[in-house]
Each structure stands twice: as C-alpha cells, then as structure tokens.
Amino acid sequence: MSTDIQNIPVTTIDGKPASLGDYAGSVALIVNVASKCGLTPQYDGLEKLYRAYQDKGLVVLGFPANNFLAQEPGSEEEILQFCTTSYDLTFPMFAKISVAGEDRHPLYAALVSARPARTGGATMRERLASKDIPIYPEPEVLWNFEKFLVGKNGEVLVRFSPDTAPDDPALIAAIEGALAA
C-alpha cells in the first residue's frame with residue numbers, strides 16, 4: 001500500500017497534475033475541507049499546525065469536497081479565494097473531489113481502505129443522526145474535516161474524526177511520532 005497511495009493522480013486547486021508522491025519523505029495530513037461547514041474554522045488551526053511543523057517535514061493537504069449538505073458549492077477559484085482571504089492559507093489545496101459514495105476519488109478509496117476505523121467521531125455521528133442529517137455508512141468518511149495522517153513512506157498511519165481539532169493532543173502526538181519515525 002505504501003507507494004500505491006503516492007501514485008494516485010490528483011489535481012492542484014490551480015489545475016496542475018500532482019500526486020502524493022510529490023510529498024514523498026514528508027508526513028502528510030490529508031483533510032477533506034469545506035467552506036460553508038460548522039467545522040470550517042478548523043482551517044485556522046490547520047494552517048497553524050502547518051506553519052508550526054512545516055520545517056520539520058509536515059505538509060497539510062486540503063481536498064475540497066461537496067459531499068456533505070453541499071457545504072462546498074464553489075469553484076476552485078472561489079474556494080482558493082475564500083481560503084486565502086478568510087484564513088491566509090498557505091498549505092497545498094487541491095481541486096474539488098468526491099470523498100464518499102459511489103463516485104469517491106481513488107485517493108479517498110485508498111485512504112478509507114487502508115484505515116477503515118477512525119479515532120473518535122461517535123459523538124459526532126450521533127449528533128448528525130439526531131438531526132436527521134444524511135450520513136454515509138461506515139467506513140465512509142463521516143463529514144468535512146476528517147483527517148488521515150500519512151507517514152513519510154506513504155503508509156496511512158491513523159484516521160481522525162472530523163470533530164478532532166487541529167490542536168488535539170492525540171493528533172499532535174501522532175504527527176510528532178510520524179515526524180520522528
């Protein structure tokens with residue numbers, strides 16, 4: 001699995017071909033993001049995380065997705081403008097993809113296959129269900145801002161629930177452990 005995930009083609013938010021292989025040797029935090037979600041303020045924490053650990057080998061990779069209540073309706077240009085003007089984002093962003101369901105992108109199929117269980121999220125799943133918000137069945141991505149930590153060799157190390165804040169001690173410990181490996 002390790003190098004397979006790195007070979008999956010993706011597209012940067014400005015339309016250039018890319019892959020996770022472009023970040024080989026780095027620890028990657030892959031996050032499906034959305035501009036109109038209750039969790040959107042996590043952009044701020046993700047950027048702080050990126051700036052704090054970038055020099056140590058961490059890269060945060062944002063993948064806009066419109067899978068959850070159409071909370072990412074904009075074009076790539078609109079998404080990038082929102083992220084840079086509202087949150088001063090500098091971490092790499094990619095073209096909008098599907099992260100769940102029958103049309104999910106091969107990257108997310110590989111991530112979910114490698115790590116079908118997530119750390120946390122039970123409370124969030126219950127909260128969404130109690131509001132009659134449609135959710136995908138396990139092991140699909142639960143919501144915007146789910147986080148996959150990928151090691152330097154391309155191995156998917158751990159998966160965190162959407163409501164895991166970027167400054168959560170368990171997430172920080174996992175990142176630091178992956179950087180030290």
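Nothing in this text is a laboratory measurement; each read-out follows from the coordinates by a stated rule. The model shown is predicted, which means the values in this text are computed figures rather than measured ones. Glycine also receives a Cβ, built like all others from the backbone with ideal geometry; neighbour counts cover every protein chain displayed.
Count the lysine pairs in segment 2-180 whose Cα atoms lie under 24 Å apart, taking only pairs 8 or more positions apart in sequence or on different chains.
15
Multiply the residue separation of Asp55 and Ile135 by 0.36 nm, subtract the distance between their alpha-carbon atoms, and state the gained length in nm to one decimal.
25.1 nm
What's the Cα-based Rg to Rh of the chain, Rh via Kirkwood? Before the final figure, lay out each step's value.
On the way: Rg = 14.9 Å, Rh = 16.2 Å.
So for the chain, dividing Rg by the Kirkwood Rh gives 0.92.
For segment 1-50, just the Cα atoms, rotate onto the principal axes and tell me the three extents in Å, largest first.
34, 23, 17 Å, listed from the longest principal axis down.
Taking 0.36 nm per residue of sequence separation and subtracting the Cα-Cα distance, how much length would be gained by fully extending the chain between Glu126 and Thr12, in nm to one decimal?
Values: separation 114, 0.36 × 114 = 41.04 nm, distance 3.39 nm.
Full-extension gain reported as 37.6 nm.
Once the dipole of the chain is set up with Lys and Arg at +1 and Asp and Glu at -1 on Cβ about the Cα centre, which of Ile133, Gly121, Gly101 lies farthest towards its positive end?
Of the candidates, Gly121 comes out farthest on the positive side.
Show me the chymotrypsin sites (Phe, Trp or Tyr not before Pro) within segment 1-106 that DSSP assigns to loop and that have at most 14 other Cβ atoms within 10 Å of their Cβ. Walk me through the intermediate numbers first.
Working: sites: Tyr23, Tyr43, Tyr50, Tyr53, Phe68, Phe82, Tyr87, Phe94; in loops: Phe68.
Counting only loop positions with at most 14 other Cβ atoms within 10 Å, none of the chymotrypsin sites (Phe, Trp or Tyr not before Pro) in segment 1-106 qualifies.
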